[in-house]
Amino acid sequence: MPKINLSHFEAAFLFSLFTSVVMGITSKKTDKERLDYGVYCFACFLVALFGIAWLMRLGHG
Amino acid sequence: MAAHSQTAAHVTKPATPLNVWLPPVILGWVIPGGGHFLLKRTGRGALIFASVFLMFLFGLFMRGMMFTPQGGGDVLTSLINYGGFIADIAAGAFYLIAAMFGYSQPDLPGDVHDYGTKFLVTAGLLNILAIVDAYEIAAGKKD
């Protein structure tokens with residue numbers, strides 16, 4: 001079985017993508033709402049990813 | 001008065017028969033997205049299958065750890081082990097096949113292994129969301 005070494009960003013990006021797809025599908029009632037919510041979740045994940053990364057960087061000085 | 005009649009109407013609503021919602025729930029557990037396929041929601045089923053499968057596969061490729069149901073020295077450790085085990089087996093056939101082929105990874109230090117463990121657990125948790133969705137579709141609570 002192959003072994004892969006993903007960076008923090010790559011792993012978090014993939015995690016966000018797969019999670020957003022399933023959350024979008026299971027949370028809303030119409031296809032338009034599902035797509036919008038999936039994109040919204042993905043954007044929130046990325047904002048949190050970059051926001052927390054910058055906070056940690058600034059916190060460390 | 002109105003609230004009372006609403007409550008009464010809610011109580012008298014008949015429960016969905018077991019044979020309507022159980023097959024999609026069981027199939028949805030064994031094959032992620034399978035419940036949606038059974039209910040003719042093929043597009044959604046395919047997306048769920050792909051997401052859970054890829055999440056689990058990346059977890060394996062990153063050599064994530066599978067939890068085992070064992071009690072630790074304290075309540076928190078037991079909770080993490082049992083909770084992680086339940087989330088792992090929620091991935092259905094993917095977990096069963098990996099276990100059948102002897103996948104066993106010790107809990108090693110390192111961020112990649114740690115991500116892998118989280119990916120394996122999250123694949124199961126996402127499948128639980130999909131199973132609940134399949135149940136709601138079968139019960140007529142959503143389209």
Sum -39500 (n - 2.57) across every DSSP H segment of at least 4 residues in chain B, then divide by the residue count to get the 222 nm mean residue ellipticity, nearest 500. -22500 deg cm²/dmol
In whole percent, and with a 1.4 Å probe on the protein chains, what portion of the accessible area of the protein assembly as shown is carbon and sulfur? 71 percent
Rh (Kirkwood; distinct C-alpha pairs) - the stretch B:22-143, Å: 14.7 Å
Step through the table entries A:K32/B:K40; A:K32/B:K142; A:K32/B:K118, compare each Cα-Cα distance with 24 Å, and write down the pairs that go over it. A:K32/B:K118
Relative frequency of Cα-Cα separations exceeding 15 Å in chain A, percent: 59 percent
Inter-site label distance for A:L58 and A:E33 at 7 Å from Cα along Cβ, in nm: 3.7 nm
Just want to confirm a number: the relative contact order over chain A, from Cα pairs under 8 angstrom separated by 6+ residues, in percent. 27 percent
Ratio to report: Rg/Rh of the protein assembly as shown, with Cα atoms as the point set and Rh obtained by the Kirkwood method; give two decimals. 1.05
Short version: ³J(HN,Hα) in whole Hz for each residue of the stretch A:36-43, in order, from phi by Karplus 6.51 cos²θ - 1.76 cosθ + 1.60 (θ = phi - 60°), x for Gly and Pro, what are they? 4, 5, x, 5, 4, 4, 4, 4
Of the trypsin sites (Lys or Arg not before Pro) in the stretch A:10-61, those whose Cβ has at most 11 other Cβ within 10 Å and which sit in DSSP loop: A:K29
How large is the accessible surface per residue of chain A, computed with a 1.4 Å probe and reported in Å² as a whole number? 68 Å²
Given points 7 Å out from each Cα along the Cα-Cβ axis, report the A:F13 to A:V47 separation in nanometres with one decimal. 2.0 nm
Could you point to the residue in B:Y103, B:P14, B:I48 farthest towards the positive end of chain B's charge dipole, with +1 and -1 charges on the Cβ of Lys/Arg and Asp/Glu respectively? B:P14
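The values are calculated or read from the model by the stated rules, or taken from the named source; none is laboratory data. All figures in this text were calculated on a predicted structure; none of them were measured in a lab. We place every Cβ from the backbone using ideal geometry, glycine too, and count neighbours over all the protein chains shown. We work out accessible area using only protein heavy atoms, side chains counted, and drop any ligands, DNA or RNA first. Shrake-Rupley method; radii C 1.70, N 1.55, O 1.52, S 1.80 Å.
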